[in-house]
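In what follows, a single structure is set out as structure tokens and then discussed.
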Amino acid sequence: MNFKNLREYLAWLYYQYLLITGIYVLEPWEKSIFNSILFSAIAMVVYTSYVFVPIHVRLALEFFLGIFGGQLESTMALMT
Amino acid sequence: MATTAADGNLKPYLRKNGVKCEHIGKNGYHNHKEKNGQGTGVASRRHKHEPFEQAPMYVAVLTYLGFGIVTLFGYLRDFLRAVGLEKCNIAQEREKQKDFVPLYQDFENFYTRNLYMRVRDNWNRPICSLPGPVFDLMERVSDDYNWTFRFTGKTIHDVINMGSYNYLGFAENNADFLKTVADKVRQYGVGVCSTRQEIGNLSIHEELEQLVANFLGVESAMTYGMGFATNSMNIPALVGKGCLILSDELNHTSLILGARLSGATIRVFKHNNMQSLEKMLKEAVCSGQPRTHRPWKKILIVVEGIYSMEGSVVRLPEVIALKKKYKAYLYLDEAHSIGAVGQTGRGVTELFNVNTADVDVMMGTFTKSFGASGGYIAGKKELVDYLRTHSHSAVYATAMSPPATEQIIRAMKCIMGKDGSTEGMRRIRQLAENAKYFRSRLKEMGFIIYGNDDSPVVPVLLYMPAKVVAFAREMLARKIGVVVVGFPATPITEARARFCVSAAHTRDMLNQVLDCMNEVGDLLCLKFSRRKYSPQPDLCDETDFELDS
């Protein structure tokens, strides 16, 4: 299939989304309800990951570094 | 498989029925003997290649997802209808009866209300011309999402017909071909106004039955006005309480209805699976009836020639071998295969080179390949004479009307070559060619197709409910009429589009359909097949490993 421009390609992708989720058979107002619910769910996921993922990653790194770092320090202390 | 110890257990029962012990070979099948017989070998090996390819896992997941989401919205709409926020267009109980046991609440109705109604513009499309290779459709639109329709008045002309069971192209209105039919209408009229038993037995009916018996190569045949009624009314006449019916998983509703009406015990074996059938036969012969353990009065194996939803062909030589070994009877429903398969159109018995005397009851319909309506039952003279007096369809149903009878006679004579032309043979060859070409091209493109390579019924799997609907609409927009089938006619995850190839389709029409399929397949992402297609047939097409267990 040849897509003349990006718009057409995005329209085809939206069509695939409608077909795969089964929304294609619903009436327009039902489509809007589903799309808004899905969009708000995705937006919440994105927001939560933006706010909390760096903090969690930093804490995890500190935890693991603490274990291995602690090991190194204790072996150094034993040797000296 | 059967060791000598097991043979020892089986011997007493089988000796009573007169089976010679040397026939109980190591694997229990007569196949080894039959393969060296009159040409069953080549035909059976070729026709066993029937893969039922499974789609990738994500397809099943997405199908369930689609159904789940639409079901949720169905609950929402039902709630709105119950609360009163939305007008209810469907059948409902009356106000006074709201406290009674509900009439309209089971899943099938939920499905009809909330899924089928949304998309039902793809079914029951009114046709306003002959259902030949091309036809005309009346254009209809809906203003309230398919609850009601109205006709715009325009006709869509020359839509290619890929849905009619017009296998040999006898649905035609050419005046030359229909001359004999017109003459018979002048002679006999159109209505018979009686049943066969009373005063409706016309000489043309006798002629037709003689012709059908000749065509099939059996002693005698009886014809009925309706194909569905042939099955549902004759099985109860043949078996009753105390008999066992072994029916294939995917048998048609008419066979299931007939089996249920008869009152016999019904056991279902897996589709075309000979191990399953043999296990059930063994168990039936050994244990007998459920509580009393008396031997069954009759065991009837019910199979179809071509299964209309899968396009698969029954494994006839194996079924016959099993039936002979276990002394059961065979009922073969050739609704889709008579006239459509076989070298000269005689059906699956010819396809597998099997003696017609081995099949006890041969049933078929005239709706598909002969372009008329009605059904027949053929077999030994005693059987058919018995059915003439004891079958409900013969005694109570109105006889077949003369123009339909004459249409069948002329179609059959054409196929047999008795009308002096080679038109019949040309059509059969054209159908075989069309079917092979269509199937191989679709497989090449990457669609998942079920069924045997020779069958003119081609189901293309679509799986997801929204894609099924979009497919039907897109094909109609390209002026091709297809039949799509979903739940409940097929399992809920295996929705499909069923193409029926006809001898009346020209190569150009098929090419047009194939090009549109290619386009629509890319547009809707329907090419799920992961098979690497090779254009040569399998050289080492070794027979089933299932048999050598």
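The values are calculated or read from the model by the stated rules, or taken from the named source; none is laboratory data. What you see is a predicted model, and the numbers here were worked out from it, not measured in a lab. Positions of Cβ are generated from backbone atoms using ideal geometry, with glycine treated the same way; all protein chains shown enter the neighbour counts.
Structure data summary
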{"quantity": "A:LEU59 surrounded by 11 or more Cβ atoms within 10 Å (Cβ to Cβ), without any contact (Cβ under 8 Å) to a residue 24 or more places away in the chain, hydrophobic (A, V, I, L, M, F, W, C) and away from every other protein chain (no Cβ under 14 Å)", "calculated": "no"}
{"quantity": "Conditions (1) away from chain A (no Cβ under 14 Å); (2) more than 21 Å from the chain's Cα centre (by Cα): number failed by B:VAL483", "calculated": "(2)"}
{"quantity": "Residue match in segment B:204-225 (condition: without any contact (Cβ under 8 Å) to a residue 12 or more places away in the chain and under 20 Å from B:VAL395 (Cβ atoms))", "calculated": "yes"}
{"quantity": "B:ARG346 vs. criteria out of contact with any strand residue (DSSP E or B) (no Cβ under 6 Å at 6 or more places or on another chain), in a loop (DSSP other than H, G, I, E, B) and not assigned by the TED database to the domain that holds B:ALA495", "calculated": "yes"}
{"quantity": "Residues within segment B:486-513 that are of a type in the set (A, V, I, L, M, F, W, C), more than 14 Å from chain A (Cβ to nearest Cβ) and within 23 Å of B:ASN114 (Cα to Cα), tallied", "calculated": "2"}
{"quantity": "Residues of segment B:327-359 satisfying the condition of being of a type in the set (Ser, Thr, Tyr) and either within 16 Å of the chain's Cα centre (by Cα) or buried (at least 22 other Cβ atoms within 10 Å of the Cβ) (or both)", "calculated": "B:TYR331, B:SER337, B:THR349"}
{"quantity": "Residue check for B:GLY347: modelled with pLDDT under 90 and of a type outside the set (A, V, I, L, M)", "calculated": "no"}
{"quantity": "All positions within segment B:67-115 that are farther than 18 Å from B:TRP147 by Cα and among the β-branched types (Val, Ile, Thr)", "calculated": "B:ILE69, B:THR71, B:VAL83, B:VAL101"}
{"quantity": "Selection count where residues are touching a Leu at 6+ places or on another chain (Cβ under 9 Å) and in a loop (DSSP other than H, G, I, E, B), scope segment B:309-333", "calculated": "6"}
{"quantity": "Subset of segment B:86-128 (residues that are part of a loop (DSSP other than H, G, I, E, B) and within 25 Å of the chain's Cα centre (by Cα))", "calculated": "B:TRP123, B:ASN124, B:ARG125, B:PRO126"}
{"quantity": "Any chance A:LEU19 is without any contact (Cβ under 8 Å) to a residue 60 or more places away in the chain, surrounded by 10 or more Cβ atoms within 10 Å (Cβ to Cβ), within 11 Å of another protein chain (Cβ to nearest Cβ) and part of a helix (DSSP H, G or I)", "calculated": "yes"}
{"quantity": "Residues within segment B:379-409 that are outside any helix (DSSP H, G or I), of a type in the set (Gly, Ala, Ser) and touching a helix residue (DSSP H, G or I) at 6+ places or on another chain (Cβ under 8 Å), tallied", "calculated": "3"}
{"quantity": "Tabulated pairs, segment B:61-77, first within 9 Å of chain A (Cβ to nearest Cβ) and closer than 15 Å to A:ILE33 by Cβ, second of a type in the set (Gly, Ala, Ser) and surrounded by fewer than 21 Cβ atoms within 10 Å (Cβ to Cβ), C-beta under 8 angstrom, 6+ apart or interchain", "calculated": "none"}
{"quantity": "Options B:GLY424, B:GLY417: the member that is surrounded by fewer than 17 Cβ atoms within 10 Å (Cβ to Cβ) and either over 21 Å from the mean Cα position of the chain (by Cα) or within 14 Å of chain A (Cβ to nearest Cβ) (or both)", "calculated": "B:GLY417"}
{"quantity": "Pick from segment B:437-451, criterion in contact with a Ser or Thr (Cβ under 7 Å, 6 or more places away or on another chain) and crowded, with 18+ Cβ neighbours inside 10 Å, ranking: farthest from the other protein chains (Cβ to nearest Cβ)", "calculated": "B:GLY451"}
{"quantity": "Selected residue [within 13 Å of another protein chain (Cβ to nearest Cβ) and surrounded by 10 or more Cβ atoms within 10 Å (Cβ to Cβ)] from A:ASN35, A:ASN2", "calculated": "A:ASN35"}
{"quantity": "Residue identified as aliphatic (A, V, I, L, M) and within 30 Å of B:TYR116 (Cβ to Cβ) among A:VAL53, A:VAL57, A:VAL25, A:VAL46", "calculated": "A:VAL25"}
{"quantity": "Qualifying positions in segment B:495-528 - among the polar types (S, T, N, Q) and surrounded by 16 or more Cβ atoms within 10 Å (Cβ to Cβ)", "calculated": "B:SER502, B:GLN512, B:ASN518"}
{"quantity": "Among the candidates A:LEU13, A:LEU26, residue that is within 10 Å of chain B (Cβ to nearest Cβ), out of contact with any Leu (no Cβ under 7 Å at 6 or more places or on another chain), closer than 30 Å to B:ARG473 by Cα and free of Cβ contacts under 8 Å to residues at least 60 places away in the same chain", "calculated": "A:LEU26"}
{"quantity": "Segment B:255-278, residues that are assigned to a helix (DSSP H, G or I), free of Cβ contacts under 8 Å to residues at least 60 places away in the same chain and either touching a strand residue (DSSP E or B) at 6+ places or on another chain (Cβ under 8 Å) or among the small types (Gly, Ala, Ser) (or both)", "calculated": "B:ILE256, B:GLY258, B:ALA259, B:ARG260, B:SER262, B:SER276, B:LEU277"}
{"quantity": "Residue match in segment B:452-471 (condition: away from every other protein chain (no Cβ under 14 Å), in contact (Cβ under 8 Å) with a residue 60 or more places away in the chain, crowded, with 19+ Cβ neighbours inside 10 Å and of a type in the set (Phe, Trp, Tyr))", "calculated": "no"}
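For every residue, the table says whether it meets (1) buried (at least 24 other Cβ atoms within 10 Å of the Cβ); (2) outside the structural domain of B:THR356 (by the TED database); (3) touching a Leu at 6+ places or on another chain (Cβ under 8 Å).
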position: B:GLY258; (1), (2), (3): yes, no, no
position: B:ARG267; (1), (2), (3): no, no, yes
position: B:PRO295; (1), (2), (3): no, no, no
position: B:ILE306; (1), (2), (3): yes, no, no
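For every residue, the table says whether it meets (1) in contact with a Pro (Cβ under 7 Å, 6 or more places away or on another chain); (2) surrounded by fewer than 15 Cβ atoms within 10 Å (Cβ to Cβ).
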residue	(1), (2)
B:VAL61	no, yes
B:GLY66	yes, no
B:ASP78	no, no
B:ALA82	no, yes
B:LYS87	no, yes
B:ILE90	no, yes
